Structure formats: C-alpha cells, structure tokens
Amino acid sequence: MTDATIIAARRYSELHPGYQLVTAQPAAIPFSWLTLEVLAQQRKPLPVVDEFVLRLCRQGVDTIDGVAGVLGVGGDAVRTAVARRLSDEHLDYRPDPGPEHHGTRRISLTRSGTVAAEDLQTSSPQRVTHPQGFDRLLWAPTATRRFELIGRKDATTDGMVILPAKRTRDVTTDEVTPRAINRLLGPAHHQVPVTDEYRPGGSERVDVLAVDAVTRQYLHYLPAVILVFAATGFDDVRLTVVVDDIVSTPHDQALAEAGGTAAVKIRVEPSVGEPALPLQLAVQRAPHDTVRGLQRRADTTPAAIEPGRVLAADDEDAATARAELAALTVRSVPSFEHPELLATAVASARRRFLLVAPVLRAAVVTDGLIAQLEVMLRRRDLVARIAYGPGHPDHSHDADALERLTRLADTHDNLSVVCVGTNLAHDLIFDDTWVNTSFDWLSFRGPDRVYRREEGTLIRSATAVDDRYAHCASEIDLAIIT
C-alpha cells in the first residue's frame, strides 16, 4: 500500500545532507481555475486537393487545367479548392498580363499562402472560451488539468497542509499572457478543451493570440506532498514540496519567500523519547544508519520480480538488501516509516492487531482507513484492539474520528475500541511484529503542525512480541471491564 507521501518520503529522505526527514505530509497548493475569453488561431490540416494546389503552385503549375491534369481530377474540384484558398487569402487568381495568353488566368501564392504551403495548414482566428489552471503559490499559469484539482473541503478533511498563495487578489489578464499559455500548450499539448463553438479535434492545433478577459475564477487545490527536514546538530528546519512525485524547486523557493515554516505553521519539537526496550532487544537493535542504507539499496527496484527474469547487478543488490532488511529481527524505524508500517499492519494482519494511539484525529481516521479496517476485520480468527487516550482528556479527540471507530466496533465483534487511563506506550502489534515507539499513530496528520523526530524499533522476535502483546491486551481488556 503506497501513496504519494510514502513514495516521496522513501525517495527523498536523504535529499538534504546534514538533515533528517521528520515527516512527509499531504499538502495542497492553492490554484485558480480560470475561464478566459481569448482570440485564438486554429490550425487544421488542409483538404487533400487544397494541399496539392498549394504544392503545385509552388512548383510552377499555375493554371486550373494544369493542376487538374497533374492530379487527374476534374476542373471543378480544383476550382472549388482555389476558391477556398482565395477566401483565406492564400492565393491570387488573376488574368495573365501577356498578350499571347489572353483570357488565361494564373494561380499565384500570396505571402500567407507561401507559409501555408510550407506547413500545409490553415489558420482561422476566432474569439473563444478557454479554461486555464493558475498556480497561486507560483503566481503563474500551468498545464494542470481540471480533474487533478480538489476542493478546499477535501483538502481540509484529509488533513493536508494548505500552502500559502503568493497574492490574495484575483488573477488579471496581465498574468495570463498569450505567450505563457502557448508555451504551456507547446507542440505536444496544443489540444485545448474549449467551448462547442471552437472545439479542435484530431491533429488540429491552437495558438492563443490575445487574452481579452478573465470571466470566472474558482479556488481549488492541487494535491502535493511536503517533506519536513530537521537539521542534525543545530536548530533549523527545511521544507521541500513534491509535485507528481518530483521535487519542485520553484515551489520550494516560492514557499520560502512566502514565509516558510511560519507561513504553514509547522514546528519541529524535540522527541519525547522511545519507550525503553528490554536489554536483550536493545543490544540487538540495528541502528538508523544501517537500516537507511539497506532501505536505499532495496528501493532501487520494485520488490516483485517476474518469474524467470535474470537479475542485473543493481537488481541483485536490491534483492540482497531486501533480504537483509527482512532478516533484521530488531531494527530502527525512521520517523517517516511509521505511517507506512500502520498501512502494512492493516493490510497484512491475520491473527492479531493491537494499536495504542494517544489522540484520534479525523484526518487520519478517514473513511478510507475505516474501509481498510473493515477488510481486515473480515479475516477469520483475527482479533483487533484499538486503545486511545492515555494521558489525554476526552476533548482532545476529534468527535468524527471517535464516532467512526466506535461505529466500526459496534458492527464487528472481533474489534474492541476502548479509552485507557493507564500510561501505555504507543505500541503497534500485528501478528509477530511489534513496533515500540512514541509516534502518534492516529494523530500524525491534522490541524496541529507540530512534528517530532521520533524513532522507533521494529521487533520480530516471537517471544518478545508475545510477551508485549499479552501485557498490552490485558491492560486494554481491564479497561473494557472497568
């Protein structure tokens, strides 16, 4: 189960030397979806006869009978083509001035006809309606399509970090120039969705000649990812914006100019510290640097290899790294890996699932997570426990998140959702895996933009996991009884 935040976290966790990735969060770039009134020039392929009239005229065949003879078509077809080209001012059709050719009319190319003969296209300027995306953080038009954008409600519900706009006013025609729009369209993107009165199809191209007015503009958001890095050894935070799985330097610069961390109210605070491990586990623990080295090597190729495929050297090294990583029974868990581990637990748990989360946030306990939990709870013999609230009063939780989990427990006998007063650690246990951490499993996303450089430990020692599960389960079951 990989989403854009997980992909960005894994791909760019080492982007800034001397900094450690604290978290990857979904972000929303403010966009205006504009309706423009423009003067546009539609370029479309010429009809076949028209094309050859221009070609032959360039070669010196300059009479209707001459063109008809070369093409082997009737004179009427050539006359019709010449008439079309006359109306577009591509041709002149005049009497021959020589007395020896009295009564003969000659076809000749005009200046625009010479251009048309070179690219064999015709142009017809029209006033049309043109939709255009406009990035309000960069304050520039972009090639973004309408279906890629979302509304503010979706952005806030999903706990996205709303990035600031460079300006708060409306977009004007000075900021959506024909040159900027044509550069976005480019040779490969000249298919412009416009009104029914002006709808190019097939291989037709469009060039915008003038932007007369911005008639409508609606606020939307483009989903992105923001990476939060904290310096190691000194106090500094860097933000990186990832759009379509690629680091966007222009957005990084624009965000810095808009105020950086202060503009998005992001803070990085000291870690509260990982709960103590039993000594026998602590001495086995593979440290952060070792784990990240293996993860970087493992991420170079997909984990799934086609049967019978011969591995290249890089693929073989990646497969070896994955095997070494899987063989570590006690290892570090980097901050950014925690959400991925939660997703893995929900997707793969078969016997048991136990989660202790201090605070419930609707941005994490979404309808999507509930649907995934429902799938997990349908597995035969699986028992699930979710404990929340140790050290936090009832008003700390989002009512929507608590209601979703409570409703889920009411419809599934194999799930217990309980508020615990004991100071349980923030454990995640699924089958024979235990994650020992202080990570906020169900509140790592939401309106609070305070992040900590948490590091946990993943344990795959059966005895240790069984012992920890028995302890946590008894505390949760005791809270249910009382």
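Structure values in brief
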item	result
Test: residue in region 118-126 that is surrounded by fewer than 15 Cβ atoms within 10 Å (Cβ to Cβ), at pLDDT below 90 and part of a helix (DSSP H, G or I)	yes
Residue in region 256-263 that is touching a Ser or Thr at 6+ places or on another chain (Cβ under 7 Å) and either of a type in the set (S, T, N, Q) or surrounded by 15 or more Cβ atoms within 10 Å (Cβ to Cβ) (or both) present	no
Leu382 vs. criteria aliphatic (A, V, I, L, M) and more than 21 Å from Arg351 (Cβ to Cβ)	no
Residues that are crowded, with 21+ Cβ neighbours inside 10 Å, in a strand (DSSP E or B) and out of contact with any His (no Cβ under 9 Å at 6 or more places or on another chain), drawn from region 34-85	Gln42
Qualifying residues in region 289-300 (those that are touching a Lys or Arg at 6+ places or on another chain (Cβ under 9 Å) and part of a helix (DSSP H, G or I)) - the one nearest to Thr437 (Cα to Cα)	Val291
Qualifying position, being modelled with pLDDT of 90 or more, open to solvent by 20 Å² or more (accessible area, probe 1.4 Å), over 24 Å from Ala27 (Cα atoms) and not in a helix (DSSP H, G or I), among Thr129, Thr168, Thr195	Thr129
Per-region count, region 361-377, residues under 20 Å from Thr156 (Cα atoms) and surrounded by 16 or more Cβ atoms within 10 Å (Cβ to Cβ)	7
Test: residue in region 135-147 that is acidic (Asp, Glu) and within 16 Å of Thr35 (Cα to Cα)	yes
Cβ-Cβ under 8 Å pairs, at least 6 apart or on other chains, region 454-482 side closer than 14 Å to Val356 by Cβ, far side part of a helix (DSSP H, G or I)	Gly456/His338
Residue list for region 378-409, filter: open to solvent by less than 10 Å² (accessible area, probe 1.4 Å) and outside any loop (DSSP other than H, G, I, E, B)	Ala384, Ile386, Ala387, Ala401, Leu405, Leu408
Test: Ser416 is in contact (Cβ under 8 Å) with a residue 40 or more places away in the chain and assigned to a loop (DSSP other than H, G, I, E, B)	no
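The values are calculated or read from the model by the stated rules, or taken from the named source; none is laboratory data. Not measured: the values here are computed from a predicted model. Virtual Cβ from ideal backbone geometry, glycine too; neighbours counted across all protein chains shown. Ligands, DNA and RNA are excluded from the accessible area calculation, which covers all protein heavy atoms including side chains. Shrake-Rupley method; radii C 1.70, N 1.55, O 1.52, S 1.80 Å.
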